[in-house]
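Enquirer: I'd like to ask some things about the structure below.
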Amino acid sequence: MAALVKRLLGLDANILFDLAHNKGFANSFREALQAKGYSLKVPPTVIEELTYYALDKSCAETPYALKASQQLRNWGISPAILNPADRGISEAFSNKMILKGFLPDGEFHDGLIFLAEASLAGIPVLATSDHHLLDIEPAYLKIQFEDSDLIPVSVFHPKTLFNALK
């Protein structure tokens, strides 16, 4: 008998904002993944982003960041836990991705969140609607992970993952 593999899937902040906006697709996506046995995780930098927007009273996203922060547990989404040393590894990987031109200068957090933090947390698949992440050629991304001694992570749009579950 084959051992059960824990199904982990990471979510970007944009999906949490969609859930907070009560967008039907986001709810259907979350429910379908959970029905298939996936454990939904958010990397530490996503939690930092939610906190930042929740505290920034001049931001249009503040109420949605607050709602997302308050609803994570009810939605069955939990934070990925990393050790303090992982932050330095994540920062180095993010800087590398920017220096090599795979991420724009202003997307340091995406290198942390989606790429390095997910790898270090053992999350093999990440869902995002951020095109600068989705546009990275998967083979190049795999090489960058392996070159940094990190486990490769696949990045997908939620609609692609949702269609794959059907």
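The values are calculated or read from the model by the stated rules, or taken from the named source; none is laboratory data. Since we're looking at a predicted model, the values are computed, not measured. Here the Cβ is made from the backbone with ideal geometry for all residues, glycine too, and neighbour counts use every protein chain on show.
Enquirer: Report yes if I47 is among the β-branched types (V, I, T) and either assigned to a strand (DSSP E or B) or in contact with a Lys or Arg (Cβ under 9 Å, 6 or more places away or on another chain) (or both), otherwise no. Please lay out each step first, then the result.
Expert: On the way: among the β-branched types (V, I, T): yes; either assigned to a strand (DSSP E or B) or in contact with a Lys or Arg (Cβ under 9 Å, 6 or more places away or on another chain) (or both): no.
Judged against the criteria, I47 is not a match.
Enquirer: Restricting to the range 141-164, name every residue that is in contact with a strand residue (DSSP E or B) (Cβ under 9 Å, 6 or more places away or on another chain) and of a type in the set (A, V, I, L, M).
Expert: Across the range 141-164, the qualifying residues are L141, V153, V155, L161, A164.
Enquirer: When you scan the range 135-166, how many residues do you find that are modelled with pLDDT of 90 or more and in a helix (DSSP H, G or I)?
Expert: Number of matching residues: 16.
Enquirer: Here is a further query. Please determine whether any residue of the range 75-83 is at pLDDT below 90, of a type in the set (A, V, I, L, M) and closer than 29 Å to L33 by Cα.
Expert: Within the range 75-83 (the criterion being at pLDDT below 90, of a type in the set (A, V, I, L, M) and closer than 29 Å to L33 by Cα), the answer is no, since none of the residues qualifies.
Enquirer: Would you pick out the residues in the range 77-106 that are of a type in the set (D, E, K, R) and surrounded by 13 or more Cβ atoms within 10 Å (Cβ to Cβ)? Talk me through it step by step, then tell me what you get.
Expert: Taking the range 77-106 first, the residues of a type in the set (D, E, K, R) are 86-87, 91, 96, 100, 105.
Scanning the range 77-106 gives D86, R87, E91, K96.
Enquirer: Another question, if that's okay. So for the range 113-128 (the condition being surrounded by fewer than 19 Cβ atoms within 10 Å (Cβ to Cβ) and part of a helix (DSSP H, G or I)), does at least one residue qualify? I'd like the intermediate steps shown before the answer.
Expert: Narrowing the range 113-128 to residues surrounded by fewer than 19 Cβ atoms within 10 Å (Cβ to Cβ): 122, 124-125.
Next cut, part of a helix (DSSP H, G or I) only: none.
No, the range 113-128 has no match at all.
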